[in-house]
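The structure appears below as structure tokens.
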Amino acid sequence: EHYLDMVGVTSSILVPPTTRLPPPQKNASLMATGFAADRPALACRLLPEWGGYGEYRRLTRGIVTVTGLYKAGREVSLAVILPCHNEAGSIARVVADFGRELPTARIYVLDNNSSDGTAALAAGAGALVITERQQGKGNAVRRAFSEIEADLYIIADGDGTYDTRRASEMAILLLDEHLDMVVGVRRATQSGAYRAGHRWGNRLFNAIVRTLFGNQFNDIFSGYRIFSRRFVKSFPALSTGFEIETEMSVHAIHLRLPTAEIETDYFERGDGSASKLKTYRDGFRILLTVLKLLKAMRPLALFSALAAIFFVIAAALGMPILWHFIETHTVLRIPTTVGVVGLVVLGAISLITGIILDSIMLAETSYKRLFYLSLPPTRRNDA
């Protein structure tokens, strides 16, 4: 039995799967049994559909967060992290929306050198403001992860493009299934939500990451995610810009962390808000980040591919010379022969380098995994 406290206690109601609850009394509590005993949040999430009570809907969504998130008999602490650079037009509304959906969460705005009063507006809306002088979203996220202590971390953008109503559902999914990350897969609801070229670029990079690292994510660039404390405190956060989301995704794949995805609406930016993403510059930086991560996490595959290229070119250039030598016992085209020998040497060096780095990577992965396991998992007390 799980008790979902509302405002006070005057009555209890048994909730089988198909029951429609009557309108709640001012002082009422709900005792959930049966299917709701396994996932009490389900009973709460259905309440808005029982209809007609605007204030009750808002309170119910808050109660899902307050009563559903417990660990070892105590309430799970949530931190909402909003990295921002010049988002004065939307930050107060985003802070208010998260505050309404997650009434027990602490909301942090990472002000990244804004010049339009974003920090003051965020503070006025009730957020805790942290100033990060090093420009770049990755730098802001690294600062937040290093300074903020919580059981669950929710990260989103301050431009109002993400649906804050899915936050509690993402948190409950993470706790119910003992996950380390839940990614909000963006579903555009307005024609202007994606800038020209960003949609196909997103698909291209998702395909590249799936090919190189594994088929675990459908939206590696999503900035709407929720993490366990284990993930946050074991994540190195080496990126400086928008490539931080790619690093998060690859980190989860590399350590084989339990993750999930959930679709969420993606809205168009409001008036006065402009995207900070530079299509070609940041696209190139993301590609370089993918290559760096490939070298760090799959060195044998990378250097074996380079070795194969050297060996194929050497074979194409060297076979005619070899056949000529077999037939005439003379070496034709000495410079080409020297070049072929050089390519074979480079191929051998690449292959040996990959083997050595792969051994080092396996040791580092073991250390990362052991450090990750040294951190306690975030679970509800009924887990």
Discussion item. Defining a contact as two alpha carbons under 8 Å apart and six or more residues distant in sequence, what relative contact order in percent does the stretch 72-147 show?
Written reply: 33
Item to complete: Report the one residue of THR365, ILE321, ILE355 whose Cα lies farthest in the direction of the positive end of the charge dipole of the stretch 231-365 (charges on C-beta: Lys and Arg +1, Asp and Glu -1; origin at the Cα centre).
Response: ILE321
Item to complete: Roll a 1.4 Å probe over the protein chains and send me the accessible area per residue for the stretch 301-383 in Å².
Response: 65
Practice prompt. With a 1.4 Å probe and every protein chain kept in, tell me what percent of the accessible surface of the stretch 224-374 is carbon plus sulfur.
Written response: 71
Response to the item:
Placing each pseudo-label 7 Å from Cα in the direction of the beta carbon, VAL345 and ALA260 end up separated by a distance in nanometres of 5.7
Worksheet item: In what order, largest first, do LYS292, LYS137, LYS368, LYS278 sit by accessible area if the probe radius is 1.4 Å?
Response: LYS292, LYS278, LYS368, LYS137
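The values are calculated or read from the model by the stated rules, or taken from the named source; none is laboratory data. The structure displayed is predicted, hence computed values, not measured ones. Glycine gets a Cβ as well: all are built from the backbone with ideal geometry, and neighbour counts include every protein chain shown. With ligands, DNA and RNA removed, areas are computed over all heavy atoms of the protein, side chains included. Shrake-Rupley method; radii C 1.70, N 1.55, O 1.52, S 1.80 Å.
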